[in-house]
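Working notes, structure below.
The values are calculated or read from the model by the stated rules, or taken from the named source; none is laboratory data. Treat the numbers as computed from the prediction; the structure is a model and nothing was measured. Every residue, glycine as well, gets a Cβ built from its backbone with ideal geometry; the counts of neighbours run over all protein chains shown.
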Amino acid sequence: MSDDLDFGETLRARRTAKAENGPAFSLRQVAGRVGLEPSYLSKIERGEEPPPGEQTIRRIAEELGENPDVLLALAGKVSSDLLEIIRERPTVVAELLRAMRGMSAKRVSEISRQIRGGGW
């Protein structure tokens, strides 16, 4: 996904790219499968409506084969499971995120693998 696009623009770009391969990803088809009115989805894509809630964004991400955390971030939202983690340890999580801010994506991935593997 492009870092230069906002939520709606990114959503439209990803959907229309998939629509080039057939009508299954037309605005009407995608809207129907995720439980939205086509006009509402169109307004979201054009930036005339704010991004929908977390569960709707998750359904859209699944439908388009996108990472829901990426779409949520573009929408200015944080996944509810991450919010729970932040609420449990706000100071530690904030400190960790600030420390990772200047790290490369590769380094952050390495640290994440080490943590998941019990190497910490």
### Message
Among (1) assigned to a loop (DSSP other than H, G, I, E, B); (2) out of contact with any helix residue (DSSP H, G or I) (no Cβ under 7 Å at 6 or more places or on another chain); (3) of a type outside the set (G, A, S); (4) surrounded by 14 or more Cβ atoms within 10 Å (Cβ to Cβ), there is one condition P52 misses while meeting the rest; what is its number?
### Response
(2)
### Task
Have a look at D69, D81, D3 and point out the one that is at pLDDT below 95 and of a type in the set (D, E, K, R).
D3
### Query
Only one residue in E37, E54, E9 is acidic (D, E) and more than 16 Å from the chain's Cα centre (by Cα). Which one?
E37
### Task
Could you tell me which of the residues L83, L96 is within 16 Å of the chain's Cα centre (by Cα) and aliphatic (A, V, I, L, M)?
L83
### Every residue from region 68-114 that is exposed (fewer than 11 other Cβ atoms within 10 Å of the Cβ) and of a type in the set (V, I, T)
T91
### Task
Run G47 past the list (1) on the phi > 0 side of the Ramachandran plot; (2) assigned to a helix (DSSP H, G or I); (3) not polar (S, T, N, Q) and report the number of the one that doesn't hold.
(2)
### Query
Does E63 satisfy being modelled with pLDDT under 95, more than 13 Å from F7 (Cα to Cα) and surrounded by 11 or more Cβ atoms within 10 Å (Cβ to Cβ)?
no
### Query
Within the set of pairs 6 or more residues apart or between chains, which connect a residue that is more than 12 Å from S42 (Cα to Cα) inside region 9-23 to a residue that is surrounded by fewer than 19 Cβ atoms within 10 Å (Cβ to Cβ) and modelled with pLDDT under 95 with Cβ atoms less than 6 Å apart?
T10/M1
### Query
Does region 76-94 contain any residue that is within 19 Å of D6 (Cα to Cα) and polar (S, T, N, Q)?
yes
### Summary
Only one of (1) surrounded by 11 or more Cβ atoms within 10 Å (Cβ to Cβ); (2) within 15 Å of R15 (Cβ to Cβ) does not apply to E37, and that is (2)
### Query
From the set of residues in region 63-86 that are in a helix (DSSP H, G or I) and touching a residue at least 24 places away in the same chain (Cβ under 8 Å), which is farthest from A31 (Cα to Cα)?
S80
